[in-house]
1. Sort 26-33, 41-48 for me by packing, meaning the mean count of neighbouring Cβ atoms within 10 Å per residue, highest on top.
2. Extension gain Leu14-Val40, at 0.36 nm per residue separation less the Cα-Cα distance, in nm?
3. Mind listing the phi-derived Karplus ³J(HN,Hα) values for the stretch 35-51, rounded to whole Hz, using 6.51, -1.76 and 1.60 with θ = phi - 60°, and x for any glycine or proline?
4. If I model a spin label as a point 7 Å beyond the Cα along the Cα-Cβ vector, how far apart are those points for Val33 and Leu52 in nm?
Amino acid sequence: MLDAGNPYMLPSVLVGAAVYLGLTVVTDASLPVRVGALLVFVVVVPTALNRLFGGRDTAEMAGDEATGDDPR
């Protein structure tokens with residue numbers, strides 16, 4: 001579910017970047033801790049939200065081929 005069509009991807013990346021910068025400025029967290037927090041917000045959160053709230057379905061991603069409509 002890590003595709004551009006996931007509606008939770010962009011907000012999650014923006015929040016992840018803000019958390020990373022916040023951890024860098026406010027705390028003395030090590031680089032692995034900051035990168036781990038960034039990865040949680042960029043990979044885990046949008047995938048979990050998409051599964052919980054039902055983002056795009058695989059049938060929607062396939063487009064018109066999934067509908068079975070024949071234009072003939």
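The numbers here are math on the coordinates, done by the rules we state, and not lab data. The model shown is predicted, which means the values in this text are computed figures rather than measured ones. Counting neighbours? That spans all protein chains shown, and the Cβs are built from the backbone with ideal geometry, glycine included.
1. Put in order of decreasing packing, that is 41-48, 26-33.
2. Separation in residues times 0.36 nm, less the Cα-Cα distance, equals 8.1 nm.
3. 5, x, 5, 5, 5, 4, 6, 8, 9, 6, 4, x, 5, 5, 5, 5, 6
4. Spacing of the two 7 Å Cα→Cβ label points: 2.5 nm.
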